[in-house]
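Worksheet for the structure shown next.
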Amino acid sequence: MGIFKAAAVQMRSGREPGRNVVDFEALVREAAGKGASYVQTPEMTGAIIRDKADRAQAFRPEGSDVIVAAARRLSAELGIFLHVGSTGILRDDRKIANRAFLFAPDGSLVTRYDKIHMFDVDLDNGESWRESATYEPGSEGVVADIGNARLGFAICYDVRFPQLFRAEALAGAEVLSAPAAFTRQTGEAHWHVLQRARAIENGAFVISAAQGGLHEDGRETYGHSLIVDPWGRVLAEVDGDEPGVAIAEIDTAQSAAARGKIPNLRNAREFAVANVEWRAQRAAS
């Protein structure tokens, strides 16, 4: 168990990774300057691009990605765990992964996580998204050591699939994450309640850095980067959609205490589901 400061960095990434990396570096430095030893950035830190052909031109393999290179350098220079919430990575098979990275204070790569659940939805306001047409989904949850805690990984739409968070909590995660680029419509409806629910039902901190505002490609994201404690209380928030940093103290003893008060991880039981049909019986003639 341990105590440390964590930061959720809110961005408004555009279409050019070379420009976004400048904002990324400035905000990470700001967070570290305020004492954060764990810093998380949003989903699609490197670039937010609606057009499929433009995405294919902008994204690079991991070894030549500017965000990955900057994160490796900054984590070592600042002596922090730096969690790139995700960025688009061109895989060896030429498919694209929506991939998170965690770098250690010595600049070494701790782990990667590829977003599992694809955002394939049609919203009431006419927005339609088909992530599966561009990105190759991951197939493995990840829990990693961040020095004073164990961190579980997720990305954006994953937050609607509580079984992923439960599996990571059972694997030892006291801190869960869901860095995001939530649409404004879904964010206004569900962002806060989903983050708090994942925290409460797992007795874990939830840290979720977010994209916010009107992006160059025309989409709007909700912002409101959050840090939530294991009792579901919001400890820190970037209030609105402007770029910024939310910082809070994380004490993993609070996770143990919450799980002791409500031991639902321990009390879970296997069960079957009976599917019962009812048909009205005709009256006897």
inquiry  = Can you show me the helix-derived [θ] at 222 nm for the chain, built from DSSP H runs with n ≥ 4 at -39,500 (n - 2.57) apiece and divided by the number of residues, rounded to the nearest 500.
reply    = -8500 deg cm²/dmol
inquiry  = Quick check: from the Cα gyration tensor, does the chain come out rounded (a/c under 1.5), prolate or oblate?
reply    = oblate
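Let me check I've understood the local charge: for Pro162, count other residues with C-beta under 11 angstrom from its C-beta, Lys and Arg +1, Asp and Glu -1. What total comes out? Numbers along the way, then the final one.
On the way: positive: Arg160, Arg166, Arg198; negative: Asp158, Glu168, Glu201.
Around Pro162, the surrounding residues sum to 0.
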query = Under a GNM of the chain (C-alpha, springs under 10 Å), which listed residue has the highest mean-square fluctuation: Gly46, Gly88, Gly187?
reply = Gly187
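Which of rounded, prolate, oblate describes the range 184-232, given a ≥ b ≥ c as roots of the alpha-carbon gyration tensor eigenvalues and a/c under 1.5 marking rounded, otherwise prolate only if a/b is larger than b/c?
Working: a/c = 4.21, a/b = 2.42, b/c = 1.74.
It comes out prolate by the Cα gyration axes.
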task = Among the lysines, select those whose C-alpha is under 22 Å from the C-alpha of Lys5, and discard any that sit fewer than 8 residues away in the same chain.
result = Lys34
request  = Express in Å², to the nearest 10, the accessible area of Arg184 obtained by rolling a 1.4 Å probe over the protein heavy atoms while all chains stay in place.
outcome  = 60 Å²
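Ignoring ligands, DNA and RNA, please state the percent of accessible area on the chain from carbon and sulfur, probe 1.4 Å. The partial results should precede the final answer.
Working: 6420 of 13150 Å².
Carbon with sulfur: 49 percent of the solvent-accessible area.
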Three principal axis lengths of the range 1-132 [C-alpha, angstrom, descending] = 43, 34, 29
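What shape does the range 177-285 take by its C-alpha gyration tensor, where a ≥ b ≥ c are the square roots of the eigenvalues and a/c under 1.5 counts as rounded, a/b above b/c as prolate, and the rest as oblate? Please list the in-between numbers first.
Numbers: a/c = 4.07, a/b = 1.46, b/c = 2.80.
It is oblate, given that a/c is not under 1.5 and a/b is not larger than b/c.
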request  = Rank Asn275, Asn98, Asn148 by mean-square fluctuation in a GNM of the chain with C-alpha springs under 10 angstrom and give only the top-ranked residue.
outcome  = Asn275
remark   = Excluding residues fewer than 8 positions from Lys95 in its own chain, the lysines with Cα under 16 Å of it are Lys52, Lys115
ask   = Between the range 39-111 and the range 153-177, what's the alpha-carbon centroid distance in Å?
value = 20 Å
key: Relative contact order %, the chain, counting alpha carbon pairs below 8 Å whose residues are six or more apart   = 20 percent
query = Which net charge results when you count Lys and Arg as +1 and Asp and Glu as -1 among the other residues whose beta-carbon is under 12 Å from that of Val39?
reply = +1
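Would you mind getting the accessible area per residue of the range 105-240, heavy atoms of the protein chains only, 1.4 Å probe, in Å²? Working shown, then result.
Numbers: 5200 Å² over 136 residues.
Here the residues of the range 105-240 average 38 Å² of exposed surface.
The values are calculated or read from the model by the stated rules, or taken from the named source; none is laboratory data. Just so it is clear, the model here is predicted, and its values are computed rather than measured. So basically every Cβ, Gly included, is an ideal-geometry build from the backbone, and we count neighbours across all protein chains shown. Remember, those area values only see protein heavy atoms, side chains included, never the ligands or the DNA or RNA. Shrake-Rupley method; radii C 1.70, N 1.55, O 1.52, S 1.80 Å.
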